[in-house]
Amino acid sequence: MPEKAWGGRFSEKTDRIVEAFTSSIDIDKRLYSYDIEGSIAHCKMLAEQSIITHEDALLLIQGLGTIKKEIERGEFRFDDSLEDIHMHIEARLVKEAGKVAGKLHTARSRNDQVALDVRMYLRDETSNIIKNLVEFRKTIVDLAKINIDVVLPGYTHLQRAQPVLLAHHLMSYYEMFSRDTERFCDCLKRINVMPLGSAALAGTTYPIDRDYTARLLGFPKVSKNSIDSVSDRDFIIEFLSSASLCMVHLSRISEELILWSSSEFGFVGLPDSFSTGSSIMPQKKNPDVCELVRGKTGRVFGDLIALLTVMKSLPLAYNRDMQEDKGPLFDAVDTLKGCVGIYIKMLPKLKINKEAMRRATSTGFLNATDLADYLVTKGMHFRKAHSCVGEAVSYALNKNKELHELTLEELKSFSLLIEEDIFSILTVEQMIDRRKSFGGTAVKNVMAAIEEAEKNLNQ
Ligand code: ARG
């Protein structure tokens, strides 16, 4: 069993059960490349500041390089008794480089080291997620564009409300995922702060140059308060809340695709390659991918709540509780990336049942508002028009007809202001195209929104 780095003041060996309980290596080993990169930068800074010699730094850096390759090749032995990735690499460095390895940890602590590693990891993953979201938004815009002629009922309270372009509906998701992208970009500003050199909590007596380390690691900023540096996990919580909100959007689109692919709606067909069957009912084709995205949303919320709860009563500065940050963080990163990744592949393969969508706009009095608006243009005030059309709807319901299926005489019995021109107003095309207010569903507006989105995405 390897000697513990902190073993000096202890007279008893750590109980095996405690080693297993406190170890985080299974989770944090995925930080190895950041840990090594951070250590290399730290060595260079120590040498630059004459805290260690350049020869020693070279030996340390070579040793770290060897260890990195060993881990990459899967030849590195992980061992519970060494707690975490930081201890593993240091312990291995002792074997690789000998006594000089003892100098690596000069002027730093695992507290600032782990904060650095997680920030480097999350900086990369946040950038990856931003890239994935850009790609996903492209697939949304493409789908909207090729379906610019498709209309479907827009819903409120899951009741048919007014017809909209499918493209307009899809572009509403574009807006949501654009805000998510912005939020992740914003997170990045606060992730991208270099904590190393804060040491355990109070800073260090060595003449370190934190700006130099930050430059080597590509950080634009250095953290300002050593106590905050080692105890701050706000950047993780911010990321997890952005991830949760992004999952809300993924869950909502999933829910709609689940509904739309049901025989009750029949608006879309999910690709066979992205659906699964039932082990008992041969006819079934289930939207499991969408359901799982909806379900995994709960996991990511859980990850956020876990971190908020871990942090909420911690006294300053570092506490071991904070080791519990990585499980939820990695889980949320993997889950979100997985969900966005699957949507990028699935969305272009969605079969749009244009006819079914169109058919659904023809019943349910989707043109009632248009009739009321018509009366307003003829001089009636809106509340009166609303109740007048309400009566017409009730009459038509009894006759088992839609408003546009009533005769002019029937319509006139509700208001003499109604003339022959009403029939062209009550068509789906007109209902869509007359909604020209900025942000409305008129074809022209939606095409402009698509064009603007394409411009943004190509930047
Ligand atoms: N594995 C620890 C973590 O993830 C590293 C920091 C440990 N620091 C300490 N003083 N025990 O938080």
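Summed over the residues of the chain and divided among them, the accessible surface reaches 50 Å² per residue at a probe radius of 1.4 Å. Here each label is just a point 7 Å from Cα along the line to Cβ, and for residue 211 and residue 376 those points are 6.1 nm apart.
The alpha carbons of the range 330-404 stretch over 60, 27, 21 Å along the principal axes, in descending order.
Taking Cβ atoms as reference points and 14 Å as the exclusive limit, the residues near residue 398 contribute a net charge of -2, counting Lys and Arg as +1 and Asp and Glu as -1. Taken along its three principal axes, the alpha carbon spread of the chain comes to 100, 52, 39 Å, from the longest extent down to the shortest. Each of residue 54 and residue 79 was given a label point 7 Å from its Cα along the Cα-to-Cβ line. The distance between the two points is 3.6 nm.
Could you work out the percent of alpha carbon pairs in the range 236-294 separated by over 17 Å, rounded to a whole number? The share of Cα pairs beyond 17 Å in the range 236-294 comes to 47 percent.
Each Lys or Arg adds one and each Asp or Glu takes one away; over the other residues whose Cβ falls under 14 Å from the Cβ of residue 52, this sums to 0. At 222 nm, what value in deg cm²/dmol follows for the chain if DSSP H runs of at least 4 each add -39500 (n - 2.57) and the sum is divided by all its residues, to the nearest 500? Rounded to the nearest 500, the figure is -19500 deg cm²/dmol. Each peptide in 297-310, 402-415, 185-198 was scored by the mean count of other Cβ atoms within 10 Å over its residues; highest first, the order is 185-198, 297-310, 402-415. Over the range 115-180, the hull volume per residue, using the convex hull of the C-alpha atoms, is 84 Å³.
Normalised radius of gyration (Cα atoms, divided by 2.2 N^0.38 Å) for the range 391-459: 1.63.
Counting only protein heavy atoms and a 1.4 Å probe, tell me what percentage of the chain's accessible area is made up of carbon and sulfur. The value for the chain is 54 percent carbon and sulfur by accessible area.
Couplings 3J(HN,Hα) of the range 63-70, computed from phi: x, 5, x, 4, 5, 4, 4, 4 Hz, in residue order, whole Hz [Karplus 6.51 cos²θ - 1.76 cosθ + 1.60, θ = phi - 60°; x for Gly and Pro].
Translational diffusion of the range 316-459 was estimated from the Stokes-Einstein equation, with Rh taken as the Kirkwood radius over Cα pairs; at 4 °C and 1.567 mPa s the coefficient is 65 µm²/s.
The order of the peptides 22-32, 66-76 by mean Cβ neighbours within 10 Å, most packed first, is 22-32, 66-76. Among the listed pairs 29/68; 354/455; 131/337; 29/103; 285/349; 131/345, which have their C-alpha atoms separated by more than 19 angstrom in this model? Pairs exceeding the cut-off: 354/455; 29/103.
For the chain, DSSP calls about 80 percent of its internal beta bridges antiparallel. Between the range 389-459 and the range 166-237, the C-alpha centres lie 49 angstrom from each other. What the phi angles of the range 408-422 give under the Karplus curve with 6.51, -1.76 and 1.60, with θ = phi - 60°, is a coupling list of 4, 4, 4, 5, 4, 5, 9, 6, 6, 5, 6, 10, 3, 4, 4 Hz, glycine and proline written as x. For the range 8-90, the equivalent ellipsoid built from the Cα gyration tensor has semi-axes of 27, 17, 10 Å, listed from largest to smallest. With K and R counted +1 and D and E -1, the other residues having a Cβ less than 14 Å from that of residue 98 yield a net charge of 0.
Backbone geometry of the range 385-394 corresponds, through the Karplus equation with coefficients 6.51, -1.76 and 1.60 at θ = phi - 60°, to 3J(HN,Hα) couplings of 4, 4, 6, 4, 5, x, 5, 4, 4, 5 Hz, x marking Gly and Pro. Centre-to-centre, using Cα atoms only, the range 338-381 and the range 20-80 are separated by 57 Å. In this structure, the amide hydrogen of residue 194, modeled 1.01 Å from its nitrogen in the peptide plane, lies closer than 5 angstrom to those of 221, 222, 223, counting only residues at least 5 positions away or on a different chain. Could you tell me the distance between the Cα centroids of the range 280-333 and the range 110-153, to the nearest Å? Using only Cα atoms, the two centres lie 18 Å from each other.
Candidates 38, 430, 150 compared by Cα position along the dipole of the chain: farthest toward the positive end lies 430, with charges placed on Cβ. The label point for residue 66 and the one for residue 316, both projected 7 Å from the Cα toward the Cβ, are 4.2 nm apart. Based on alpha carbons, the Rg and Dmax found for the range 55-191 are 25.3, 76 Å.
In terms of its Cα atoms, the range 159-221 spans 69, 22, 9 Å along the principal axes, sorted from long to short. For the peptides 237-243, 158-164, the ranking by mean Cβ contacts within 10 Å, running from highest to lowest, is 237-243, 158-164.
The values are calculated or read from the model by the stated rules, or taken from the named source; none is laboratory data. Quick caveat, the model's predicted, so the values are computed rather than measured. Because the Cβ atoms are built from the backbone with ideal geometry, glycine has one as well, and the counts that use them run over all protein chains shown. Side chains are part of the model used for accessible areas, which takes the heavy atoms of the whole protein and leaves out ligands, DNA and RNA. Shrake-Rupley method; radii C 1.70, N 1.55, O 1.52, S 1.80 Å.
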